[in-house]
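Step one of this worksheet: look at the structure below.
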Amino acid sequence: MTAATAIMANAVPVLAMDEMEPFYDIAADHWAHQAIYKLAQAEIVSGYDGGQFKASNSITRAEFTTIIVNALDLDLSNDDTQFEDISAQAWYRAAVAAASENRLIHGVGENRFEPEASITRQDAAVVLANALSRYDTAITAEKGSSFTDENQIAAYAEEAVRTCVGYGIFHGNPDGTFLPQRAITRAEAAVIITAFVEMINGKELEMPRVVRTHASMLQLRDGAVKVSESQEETDATIFAQRVYEIYNGDSVTMGSVIAGKQEHSVCVERFELEGTQGKLIYFDASSKAWKTNELKESLIQSSCLILQTEEGSEYLIYTPKVYKHLENGSLEYLGEMDGHLEIAETNTGYSISVIAPGIPDNCSADYMYVHSVGNALFDWNRSNTLDYWSLYPLDGDARWCYDGFYFPAPSTYIPSGENIYYQCIAAYLCKSFAYGAPYHPVSMDLTIATLETMLRLQNDHGYFPTQSLSTWLLEDYNIGANFFDTRFNTDLIGIFHYISDWSDCKEFDEAVRAYFDFFLAFAADHHYVTKSGGWLVQDYWTPQAHKTSHSSLNHQVAEIILLYRYAKVFNASELEACADKMLAGIRDTMPEWIMRDGNLHYARYPDGTYGGVDYPYLTYNDLLELQNLIQEKYGSPNPYIQALMASKKTWMDANQITEYNK
């Protein structure tokens, strides 16, 4: 028998509760999440006013004593204590008296207890070892590990530390230390006390069902969008869902099933349809074509389905896909575990179930659907509707997950490889949805919902970080994960501008303004000065110390376009002034960008040289867009931009590159 299977002499009471209010500062992925909620459900620990647990705070001697007394269900009727620094009104007086009477904890000398002092790891071990002595565990503790700092453990705590480590209640640190004199945090206390209670009970404490909810609003030109969030947490699974109620009557639902011990398939959504008439249109991955069936009992394996009901409502359903969570915010797609749709007949119509498979540890199944009530999601009068939507089955390079847009990881990213996706801030899929918004209601619905999701990635600095670790950025500039990529951010903010004519969304505009507040400060501090005082703004940055990065032409041009466009939207002269400085930077350096063969250099490097090979046509498209904007703004083209375009076009024509914008 091991320490994990102890037999108890006195059972600790475990209170069962179906549901409890969440601690709003304990996320579902917090390392002590389960321990905290198990103890809270059993009424062994509690939080603070305002729904916080404050897990990283050190725990006081009074708090730790109270928790142990609660765990042991000791009698609190006698609050007599000899400690002079505990007042008669102290909330912990009875607990300290009970703990002292039962020889669990002692004072610090001279009739003092120091209730507000933080308890150290070695002193917590002493309390727990004293508590263990009350039980006939019928086991022998395994030999405790040795620690590199054993000589720092006080003599009075040595045996207690060995006992607690031997029983698996306490553990050392990854570096081999125990840190006996370090204050213990509330999270650490929850973990060790949970281990203690479960050991003496001989079974695990029950994990409560924790439901978190939150609602917010987006104010758009034509109406409001209500965003409702819910997250249900159990010991087996986390069910997260976000619903967007669009002002046109449609709704977008995004969901994620995050595994703990989810071994079996689970129904994540069920739709009850009235009537026997209906149609199912689904994308067949093998033929890359749409197929149409009348509604009937069946199991459909497809990533993307359109459901048309008898009453005229429609659903667009993206079935669950399973991803393994990797380092640096990346995902590995587990293609053999795709979810599916099940259709069953009922007395009045059909029941439609969206099924997620059993999910391995450290994985999640993400899905999404759009629903209209009595109206079509698509403009079926357009002959190419299905052909157009065949670009968006979300089973290829473009992936939409609960927390945003994902794209295949380049080989220079860590991690990378087959079926590895990184969270891509450029959000190409959002722009594709936006292109269809004038034609299909579902495109507008998805544009709003996916962009609101991307907004959640904006950090306190104001930019949208790329979580991945780029090997070349690390090697060349010592820039690590969570870096600022000017092009990715520019592309994302550009989507908000693209939809601004019909969205006019206050919350979107606030996020854009926050980004420009950051960018203006960034550009002022991180640029190369050209001969007339122009700026070539650097491409990459991170708050951590790093080397100066290069400035590439495509980043510079795209940023200028965005600054000019939003200078007009916000009537912001500071944005136009920044764009003017950056345009002057291109003007001053125009000859240096052109290579001998007519192609363009990719970047200006920190040492002042120009090099690298430009994209085949991306930069040309950027230059063309900027030139059109300048023509519209000033009535005549910019000769320096024109010279770069002419050189690039000559090179493209000579190399049979025709995909550029005309």
- With a 1.4 angstrom probe the carbon and sulfur portion of accessible area for region 404-493, in percent, totals 49
- Can you pull the percent of Cα pairs in region 475-594 with separation above 21 Å? 39
- Message: Starting from the 7 Å offset along Cα-to-Cβ, what nm value, one decimal, do you get for the label separation of Q544 and E84?
- Response: 5.2
- Task: Report the extension gain between S56 and D504 in nm, rounded to one decimal, defined as 0.36 nm multiplied by the number of residues separating them, less their alpha carbon distance.
- Result: 157.2 nm
- Query: How far is it, in nm, from the label point at E158 to the one at N571 when both lie 7 Å from their Cα along the line to the Cβ?
  - Reply: 7.8
- Item | T148-R221 pseudo-label distance in nm [points 7 Å out on the Cα-to-Cβ vector] | 6.2
- Can you check what the Kirkwood hydrodynamic radius comes to for region 528-579, Cα pairs only, in Å to one decimal? 12.3
- Query: Rounded to the nearest whole Å³, what is the per residue volume of the convex hull around the Cα atoms of region 420-539?
  - Reply: 130
- Considering every pair of different Cα atoms, what Kirkwood radius, in Å, is found for region 326-416? 16.6
- Please report, largest first and rounded to whole Å, the three semi-axes of the ellipsoid equivalent to region 80-180, where each semi-axis is the square root of five times an eigenvalue of the C-alpha gyration tensor. 28, 17, 10
- Item | Vicinal HN-Hα couplings computed from phi for region 558-573 (Karplus, 6.51 cos²θ - 1.76 cosθ + 1.60; Hz; Gly/Pro x) | 4, 5, 4, 4, 5, 4, 4, 5, 7, 4, 6, 4, 8, 6, 10, 5
- Quick one: which residues, 5 or more positions from W290 or on another chain, have an amide H under 5 Å from its amide H? H modelled 1.01 Å from N in the peptide plane, none for Pro or chain starts. D284
- If the cut-off is a Cα-Cα distance under 27 Å, which lysines reach K291, setting aside same-chain residues fewer than 8 apart in sequence? K279, K321, K431
- Cross-link partners among lysines for K648, C-alpha distance below 18 Å, same-chain residues fewer than 8 apart left out? K662
- Query: Given a Förster radius of 22 Å and the C-beta distance between T650 and N628 as r, what FRET efficiency does 1/(1 + (r/R0)^6) yield to the nearest 0.05?
  - Reply: 0.65
- Message: Tell me the carbon and sulfur percent of the accessible area for region 537-662, rounded to whole percent, probe radius 1.4 Å.
- Response: 51
- Task: Please report, as a whole percent, how much of the solvent-accessible surface of region 254-387 comes from carbon and sulfur atoms (probe radius 1.4 Å).
- Result: 43
- Message: Viscosity 1.567 mPa s, temperature 4 °C: what is the translational diffusion coefficient of region 560-618 from Stokes-Einstein with a Kirkwood Rh over Cα pairs, rounded to a whole number of µm²/s?
- Response: 99
- Message: Test of understanding: extend the Cα→C-beta vector of T348 to 7 Å, then name every residue of region 271-304 with backbone N under 20 Å from that spot.
- Response: 271-279, 295-297
- Item | Proximal lysines to K54, defined as alpha-carbon separation beneath 25 angstrom and excluding residues fewer than eight positions away on the same chain | K38
- Query: Between D597 and R182, 0.36 nm times their residue separation minus their Cα-Cα distance comes to what?
  - Reply: 142.9 nm
- Message: For a protection proxy built on the mean count of beta-carbon atoms within 10 angstrom, sort 151-162, 237-248 highest first, please.
- Response: 237-248, 151-162
- Query: With θ set to phi - 60° and the Karplus curve 6.51 cos²θ - 1.76 cosθ + 1.60, what are the ³J(HN,Hα) couplings of region 270-278 in order, to the nearest whole Hz, using x for Gly and Pro?
  - Reply: 9, 10, 9, 9, 8, x, 9, 9, x
- PRE reach from N478 (point 7 Å along Cα→Cβ): which of region 519-556 fall under 20 Å by backbone N? 525-528, 538-551
- Query: Which Rg and Dmax, in Å, describe the Cα atoms of region 348-469?
  - Reply: 16.8, 55
- Query: For the chain, what is the accessible area per residue in Å², given a 1.4 Å probe and the full set of protein chains?
  - Reply: 44
- Message: Using alpha carbons only, how many angstrom separate the centre of region 369-385 from the centre of region 37-115?
- Response: 62
- Table column - 3J(HN,Hα) (Hz), region 532-539, Karplus curve with 6.51, -1.76, 1.60, x for Gly and Pro: 9, x, x, 10, 10, 6, 6, 7
- Note on the structure: Rounded to the nearest 0.05, FRET efficiency between N381 and A117 (Cβ-Cβ, R0 60 Å) equals 0.20
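The values are calculated or read from the model by the stated rules, or taken from the named source; none is laboratory data. All of these numbers come straight from a predicted model, not from anything done at the bench. Please note: Cβ atoms are built from the backbone with ideal geometry, for glycine as well, and neighbour counts cover all protein chains shown. Only protein heavy atoms, including side chains, enter the accessible area calculation; ligands, DNA and RNA are left aside. Shrake-Rupley method; radii C 1.70, N 1.55, O 1.52, S 1.80 Å.
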